[in-house]
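Quick notes on the structure that follows.
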Amino acid sequence: MARLLEGVRVLDLSNIIAGPLASLQMAMLGAEVIKVEVPGSGDLARKLGADLELSKKLMGTSFLAMNAGKRSLTLNLKDARGKALFLRLVAKADIVFENFRPGAMQRLDLGYAELKAVNPRIIYCAVSGFGQEGPLSQRPSYDQIIQGFSGLMSVTGTAETAPTRAGYVVCDSMAAIVAAFAMSSALYRRSVTGEGECIDVAMLDATLSTMAAWPVSNFYNAGITPKAIGNENPTSSPSGTFRCGEGQINIVCNEEKQFDALCEATGVAFRADPRFANRPQRLANRVALREVLEAKLAEASAREWEARFSAAGVPCGPILTLPEMLAHPHIEARSVVQHFPDAPGVDRDIAVTRPGFRLASGLPGVASPPPQLGQDTNAVLGELGLDAADIAALREQGVV
């Protein structure tokens with residue numbers, strides 16, 4: 001496995017998705033991630049997911065997806081003794097990561113200023129819906145709330161169905177990837193200057209940053225308000241999802257040579273029609289072009305057209321279900337999914353997805369499945385010098 005972050009210790013206080021997915025990226029690259037959880041209940045994601053039996057075991061499918069390779073320490077940060085133990089961990093840590101509502105850590109006297117006093121090199125990263133400052137900072141937020149605020153829902157779906165929620169937690173996920181990037185960047189700067197950092201990641205900011213290419217730039221720099229146009233591509237035609245004799249296919253013709261290849265593969269002289277002769281005309285007459293193209297595509301199945309278009313150099317692809325994609329030989333060839341047979345606490349095989357990149361030095365991945373609640377408490381506290389009797393007393397008193 002690739003161990004680019006080996007030797008980095010992350011104290012992860014986060015819950016659900018936007019936090020745990022970020023620290024998972026760090027764990028996949030070799031960082032030691034200690035998941036600090038509330039005694040007795042832990043991360044709320046332990047109770048979430050489609051399998052009710054796993055949720056009862058505090059190993060919900062949502063938790064399994066985001067927490068492989070981490071150690072679980074239960075610690076009551078509202079107790080003075082728990083707080084003191086946490087600060088001892090901070091003294092030896094590189095990163096403290098949380099996704100509480102802004103101000104929660106300060107109310108515990110565990111904000112960046114307090115942690116920096118213990119460890120001047122500490123990198124503190126907080127993920128929240130709207131950021132640590134600003135008029136909306138104290139509002140509770142979830143992925144769908146941010147999808148609505150960001151404008152994402154307004155451009156998703158068709159004119160008839162928008163606003164439509166994206167099919168997965170895209171804003172949580174974007175914030176997580178941005179946070180992992182920010183923490184890694186801060187680690188690099190610290191390796192040069194020795195300085196720590198305080199990082200404020202907002203789900204709203206992160207989402208807007210990913211919308212920059214077309215929606216935001218078209219509005220700010222071209223004065224065009226983006227609209228929901230379903231499976232159409234706002235910048236080129238024919239580009240989108242098209243019906244075939246059987247099934248549907250995605251086609252993208254961003255370049256003139258790709259449109260010429262489409263003409264050749266279909267045997268239709270589209271350019272002979274002045275409505276389709278050039279890019280501006282095709283955009284202005286996209287509805288008519290779709291009708292003519294789909295009439296031709298009705299002669300064969302999506303699978304057949306995919307083979308023809310691929311051979312001709314036309315960018316295209318099928319519309320797969322998630323199970324179909326996960327069963328595709330390309331996914332196995334690239335080892336996108338990591339499997340853990342007979343995972344403890346789950347008693348079955350589980351799978352997690354790796355980060356979306358490969359390295360010459362090895363595949364990013366983790367060495368262990370998601371932890372049971374508190375399974376590493378004794379080991380982590382033992383590393384601080386506590387003996388079995390000390391830990392037993394703390395457990396009996398609800399500190400761990």
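Worth pointing out:
- Mean projected area (nm²) of the alpha-carbon convex hull when segment 6-102 is viewed from all directions: 6.2 nm²
- Counting only the Cα atoms, segment 341-397 fills a convex hull of 132 Å³ per residue.
- Checking the Cα-Cα distances for 92/116; 35/116; 83/116; 57/78; 35/56 against a 18 Å cut-off, the pairs over it are 35/116; 57/78; 35/56.
- Dimensionless Rg/Rh of the chain - Kirkwood Rh, Rg from C-alpha atoms: 1.05
- Value in Å of the Kirkwood radius, where segment 294-400 supplies the Cα pairs that are averaged: 19.1 Å
- Charge sum, other residues only, whose C-beta stays under 13 Å from residue 65's C-beta, Lys/Arg counted +1 and Asp/Glu -1: 0
- Only one residue of 228, 5, 151 has its Cα farthest out toward the positive end of the dipole of the chain, where Lys and Arg carry +1 and Asp and Glu -1 on Cβ, and that residue is 151.
- Pairwise centroid distance, computed over Cα atoms, of segment 219-263 with segment 155-187, Å: 22 Å
- Per the Debye calculation on segment 159-279 with a single equal scatterer at every Cα and no solvent contribution, log₁₀ I(q)/I(0) for q = 0.10, 0.16, 0.19, 0.20 Å⁻¹ amounts to -0.55, -0.98, -1.15, -1.20.
- For residue 124, residues with placed amide H under 5 Å, excluding near neighbours: 96, 197, 198, 199
- Three principal axis extents of segment 92-193 based on alpha-carbon atoms, in descending order, are 56, 30, 19 Å.
- Relative contact order %, segment 240-318, counting alpha carbon pairs below 8 Å whose residues are six or more apart: 48 percent
- Rg ratio for segment 240-318: its Cα radius of gyration over 2.2 N^0.38 Å, N being its residue count, equals 0.99.
- Highest-MSF residue in the chain out of 354, 165, 290 [GNM, Cα springs under 10 Å]: 290
- Cα centroid of segment 1-67 to Cα centroid of segment 316-377, whole Å: 14 Å
- Semi-axes of the equivalent ellipsoid of segment 73-142 are 23, 14, 10 Å, computed as sqrt(5λ) over the eigenvalues of the C-alpha gyration tensor in descending order.
- For the chain, the antiparallel share of DSSP beta bridges with both residues in that region comes to about 35%.
- The smallest convex shape that holds all Cα atoms of segment 202-359, its convex hull, gives 186 Å³ per residue.
- Equivalent ellipsoid dimensions for segment 273-320 as semi-axes, Å, which come from the Cα gyration tensor, largest first: 23, 12, 10
- Environment charge of residue 241, counting only residues whose C-beta is closer than 14 Å and scoring Lys/Arg +1, Asp/Glu -1: 0
- Take every pair of alpha-carbon atoms less than 8 Å apart whose residues are at least six positions apart; their mean separation over the length of the chain yields a relative contact order of 20 percent.
- If only the Cβ of Lys and Arg carry +1 and only the Cβ of Asp and Glu carry -1, the dipole of the chain around its Cα centre is close to 480 debye.
- Here's the picture: charge each Lys and Arg Cβ at +1 and each Asp and Glu Cβ at -1 in segment 335-388, and of 384, 339, 355 the one pushed furthest to the positive end of that dipole is 355.
Read-outs throughout are calculated quantities, based only on the coordinates presented, and are distinct from any laboratory measurement. Remember, it's a predicted structure, so these values are computed and weren't measured experimentally. So basically every Cβ, Gly included, is an ideal-geometry build from the backbone, and we count neighbours across all protein chains shown.
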